[in-house]
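Quick notes on the structure that follows.
Every number here is computed from the coordinates shown, using simple stated rules; none is lab data. Source: prediction; values computed, not measured. Reconstructed Cβ throughout: ideal geometry from the backbone, glycine too, with neighbour counts over all protein chains shown.
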């Protein structure tokens, strides 16, 4: 199994409506992309907010992650989150 983790720090001025749209877009992906085994995301609830938003998704293997990353619906969401993010940290690990 492989975990794909994305951490985002939003640009100053990103509004709640934009984050709500991101959440809506992310929520639609598991029904569209069969490679996704588990999909969780949300905003940082800690006061210090090292990052603003996190996504943790589970895949069977690297090939499944590649299928997810190359999927047209994922590409749309990835472009959107990049438009909101001042920085992104991405990590994949196997277990």
Do we find a residue being touching a residue at least 60 places away in the same chain (Cβ under 8 Å), in contact with a strand residue (DSSP E or B) (Cβ under 8 Å, 6 or more places away or on another chain) and within 18 Å of residue 95 (Cβ to Cβ) anywhere in the stretch 9-31? no
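Just to be sure before I move on: is residue 77 within 14 Å of the chain's Cα centre (by Cα) and either without any contact (Cβ under 8 Å) to a residue 60 or more places away in the chain or surrounded by fewer than 18 Cβ atoms within 10 Å (Cβ to Cβ) (or both) in the structure I sent?
yes
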Of the residues that make up the stretch 38-61, is at least one in contact (Cβ under 8 Å) with a residue 40 or more places away in the chain, closer than 18 Å to residue 75 by Cα and in a loop (DSSP other than H, G, I, E, B)? no
Within the stretch 75-92, the count of residues that are within 13 Å of residue 55 (Cα to Cα) and assigned to a helix (DSSP H, G or I) comes to 3
